[in-house]
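Note sheet for the following structure.
The values are calculated or read from the model by the stated rules, or taken from the named source; none is laboratory data. Everything numeric in this text was worked out from a predicted model, so none of it was measured. Note that each Cβ is placed from the backbone with ideal geometry, even for glycine, and that neighbours are counted across all protein chains shown. Protein only, heavy atoms only, side chains kept; ligands, DNA and RNA dropped before computing areas. Shrake-Rupley method; radii C 1.70, N 1.55, O 1.52, S 1.80 Å.
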Amino acid sequence: MRTICSEDHRLHFPQAELHAGQFVTPFERPSRVEYILARLRERGLNDIAAPDPVAMAPIRALCRPDYLAFLEHAWDEWKRAGCAGEIIPASFPARRMNADRAPTNIDGKVGFYALAAETAITAGTWAAALSSAAVAQTAQRIVAGGARAAFALCRPPGHHATADMFGGYCFINNAALAAEAFRADGVARVAVLDIDFHHGNGTQDIFYRRGDVFFASIHGAPEHAFPYYLGYSDETGEGPGEGANLNLPLPPGAGYGPWAEALDAALARIRAFGAEALVVSLGVDAYKDDPISFFTLDSPDFLDAGRRIGRLGLPTLFCMEGGYAIEAIGVNAVNVLEGFLD
Ligand code: SP5
Ligand code: ZN
């Protein structure tokens with residue numbers, strides 16, 4: 001299985017994450033990629049290549065134009081306004097306020113386009129987000145070209161990003177971009193399986209009214225876990241998308257027993273949907289030692305999860321998402337790939 005990875009992910013390395021009332025070094029940091037690359041090499045998965053140049057047209061089709069303009073120019077506007085630190089949202093269009101009229105003021109704009117305050121934007125964020133999208137695009141082309149699978153080692157991750165909001169460490173939804181690319185290549189039915197600990201709110205939102213892309217997510221129940229305001233089991237899709245959204249929330253402390261049961265349920269629904277290509281939002285923050293999550297999966301469980309996904313027999317693109325137990329992220333992510341290849 002070929003891995004696509006860009007060095008440009010390093011351009012995004014904020015110093016600050018608002019966590020538990022303090023600024024801490026972000027959990028989502030550049031070294032995550034190094035650990036995954038090291039483990040790939042250790043396991044002989046040495047086919048690692050850089051992405052082709054980013055294709056902007058599909059990104060423009062996926063995201064709202066004003067949101068992309070914001071991401072591209074936010075840093076310059078922030079600096080021009082005399083702000084000293086990294087871009088961190090502090091005001092939000094909450095209930096009964098104007099959530100569809102963007103302010104001109106950069107501080108107002110930042111909150112308008114944010115869904116959470118933990119994610120900072122820095123000078124290199126736009127370039128890094130585009131490189132991550134390019135990684136997903138290039139890996140998707142490999143699968144569309146006939147490979148059984150490819151690994152898009154995306155960083156920053158994408159599954160929390162909507163067409164018009166950043167947050168949860170995400171800026172552009174790489175998995176959604178890949179799913180759309182399969183559709184554009186003529187694949188009639190595509191499934192996105194999100195096994196990151198956190199609900200893939202961005203991916204759900206993008207495809208919620210679509211009957212051609214099935215979305216399934218196994219995640220910490222929204223009553224207890226970020227992103228908190230989406231991911232309930234009664235969110236089943238709308239209009240033409242009714243029945244094409246499957247949320248499988250699990251309670252604090254959930255281990256591989258219930259998690260694997262949820263995975264089998266998701267895989268059965270993907271099979272029944274008639275998917276012809278699969279995008280896996282591959283987060284490994286369901287791991288027992290993850291510092292911001294509450295499932296208790298162990299490293300061998302990721303191997304088993306990969307095996308089950310492999311038994312679907314679909315052309316599969318793995319897109320890297322979360323995972324913050326950094327010393328274990330390589331083993332856990334590569335275990336999913338190795339299980340798949342078994
Ligand atoms: C891609 C991805 O995995 N994004 C995750 C974003 C999580 N952001 C905020 C999480 C807030 C968690 N608070 C946890 C308290 C733990 N003691
Ligand atoms: Zn996550």
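Using helices alone, what [θ] at 222 nm do you get for the chain, with -39,500 (n - 2.57) per DSSP H run of 4 or more residues, divided over all residues and rounded to the nearest 500?
Mean residue ellipticity at 222 nm (helix-derived): -11500 deg cm²/dmol.
Lys and Arg at +1, Asp and Glu at -1: add these up for the other residues within a Cβ distance under 10 Å of D196 and post the number.
Values: positive: none; negative: D194, D285, E321.
Result for the local shell: -3.
Quick one: work out the % antiparallel among DSSP beta bridges in the chain, nearest 5. Intermediate values should be presented prior to the final figure.
Values: 5 of 37 bridges.
Among the beta bridges of the chain, antiparallel pairing accounts for roughly 15 percent.
How about the range 290-342: which trypsin sites (Lys or Arg not before Pro) there lie in a loop by DSSP and see at most 14 other Cβ atoms within 10 Å? Display every interim value, and only then the final one.
Details: sites: R307, R308, R311; in loops: R311.
Within the range 290-342, the qualifying trypsin sites (Lys or Arg not before Pro) (loop, at most 14 other Cβ atoms within 10 Å) are R311.
Using the Cα coordinates of the range 89-220, the gyration tensor eigenvalues translate into equivalent-ellipsoid semi-axes of 28, 17, 13 Å, sorted from longest to shortest. How much of the accessible area of the chain, in percent, comes from carbon and sulfur atoms when a 1.4 Å probe is used? Accessible surface attributable to carbon and sulfur in the chain totals 52 percent. The GluC sites (Glu not before Pro) of the range 199-242 meeting both criteria, a DSSP state outside H, G, I, E and B (loop) and at most 16 other C-beta atoms within 10 angstrom of the site's C-beta, are E223, E238, E242. Summing +1 for each Lys or Arg and -1 for each Asp or Glu among the other residues whose beta-carbon sits under 10 angstrom from that of H73 gives -1.
For the residues A216, A123, A57, a GNM of the chain with alpha-carbon springs under 10 Å puts the largest fluctuation on A57.
Counting Lys and Arg as +1 and Asp and Glu as -1 over every other residue whose Cβ lies under 12 Å from the Cβ of V187, the net charge comes to -2. Note on the chain: GNM, Cα springs under 10 Å; of C170, C63, C319, the largest mean-square fluctuation is that of C63. Treating each Cα of the range 229-342 as an identical point scatterer and summing with the Debye formula, the log10 of I(q)/I(0) at q = 0.14, 0.15, 0.18 Å⁻¹ comes to -0.60, -0.69, -0.99. Using bins of 10 Å that start at zero, the share of Cα-Cα pairs per bin across the range 227-296 amounts to 16, 46, 32, 6, in whole %.
If Rh is defined by the Kirkwood formula over all Cα pairs and Rg also comes from Cα, what ratio Rg/Rh do you get for the chain?
Details: Rg = 18.5 Å, Rh = 19.7 Å.
Checking Rg against Rh, the ratio lands at 0.94.
Restricting the chymotrypsin sites (Phe, Trp or Tyr not before Pro) of the range 229-319 to loop positions (DSSP other than H, G, I, E, B) with no more than 12 neighbouring Cβ atoms within 10 Å leaves Y229. For the chain, the solvent-accessible area of protein heavy atoms averages 39 Å² per residue (probe radius 1.4 Å; ligands and nucleic acids excluded).
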